[in-house]
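Here the structure is laid out as structure tokens; the discussion comes afterwards.
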Amino acid sequence: VSYHIAKGFGAWSARTSLLTIRPRYCLSNRTPFEMEVMQEGTREGVDSFRLGPDRSAPFYWVTDQRRQVLRFRCIRPGKPQPRPDPWSTYFDIGRVSERFLRLSTQPQPAYAKIEIRTREGSNF
């Protein structure tokens, strides 16, 4: 979690401070598929996190007792139920980087571009 403290505004500015709290990580899914994300060593379907197409959401680690790395997979539409792709390899979201991860092999390989970047300064 990061925070920012600023002076208030208006009639009460002399006695008011504004505290803004932001998550450290925000995941964005820019694919047409639902994505499932999970931390290494946690339980699939219980501790995993799903993110819909073209959505963003804050992300928090399930546990600090495990390595802080993630893996993900696409959940493709299907009948009678959606069919998940195999899991990607684990990757570290604590380092600013750009990489490509293989999502599936059937019928043709699909890849996801993973961008890890900073948005604004934070206090921890």
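Cβ-Cβ below 7 Å, separation at least six or inter-chain, first residue in the range 74-95 and touching a residue at least 12 places away in the same chain (Cβ under 8 Å) and closer than 19 Å to Tyr111 by Cβ, second open to solvent by less than 50 Å² (accessible area, probe 1.4 Å) and among the polar types (S, T, N, Q): which pairs?
As it stands, the answer is Cys74/Thr31; Cys74/Ser104; Asp85/Ser104; Pro86/Ser104, since those pairs meet every condition given.
Looking only at residues in the range 50-71 that are in contact with a Phe, Trp or Tyr (Cβ under 7 Å, 6 or more places away or on another chain), part of a strand (DSSP E or B) and within 19 Å of Leu101 (Cα to Cα), which one is least open to solvent (accessible area, probe 1.4 Å)?
Leu70
Could you check how many residues of the range 54-72 are acidic (Asp, Glu) and within 12 Å of the chain's Cα centre (by Cα)?
Counting residues in the range 54-72 that are acidic (Asp, Glu) and within 12 Å of the chain's Cα centre (by Cα) gives 0.
Which one is nearest to Tyr90 (Cα to Cα), of the residues in the range 5-28 that are touching a residue at least 12 places away in the same chain (Cβ under 8 Å) and open to solvent by 90 Å² or more (accessible area, probe 1.4 Å)?
Arg24
Scan Thr31, Thr42 and give me the residue that is over 13 Å from the mean Cα position of the chain (by Cα), assigned to a loop (DSSP other than H, G, I, E, B), surrounded by 13 or more Cβ atoms within 10 Å (Cβ to Cβ) and touching a residue at least 60 places away in the same chain (Cβ under 8 Å).
Answer to the selection: Thr31.
Can you confirm whether Val69 is in contact with a Ser or Thr (Cβ under 8 Å, 6 or more places away or on another chain), within 24 Å of Arg117 (Cβ to Cβ) and modelled with pLDDT of 85 or more?
no
Considering only the range 72-90, state which residues are touching a Lys or Arg at 6+ places or on another chain (Cβ under 7 Å) and aromatic (Phe, Trp, Tyr).
Of everything in the range 72-90, those that are touching a Lys or Arg at 6+ places or on another chain (Cβ under 7 Å) and aromatic (Phe, Trp, Tyr) turn out to be Trp87, Tyr90.
The values are calculated or read from the model by the stated rules, or taken from the named source; none is laboratory data. In this text, all values refer to a predicted model and were calculated from it rather than measured experimentally. Positions of Cβ are backbone-derived with ideal geometry, glycine not excepted, and every protein chain shown enters the neighbour counts. Heads up: the accessible areas ignore ligands, DNA and RNA and are worked out on the full protein's heavy atoms, side chains in. Shrake-Rupley method; radii C 1.70, N 1.55, O 1.52, S 1.80 Å.
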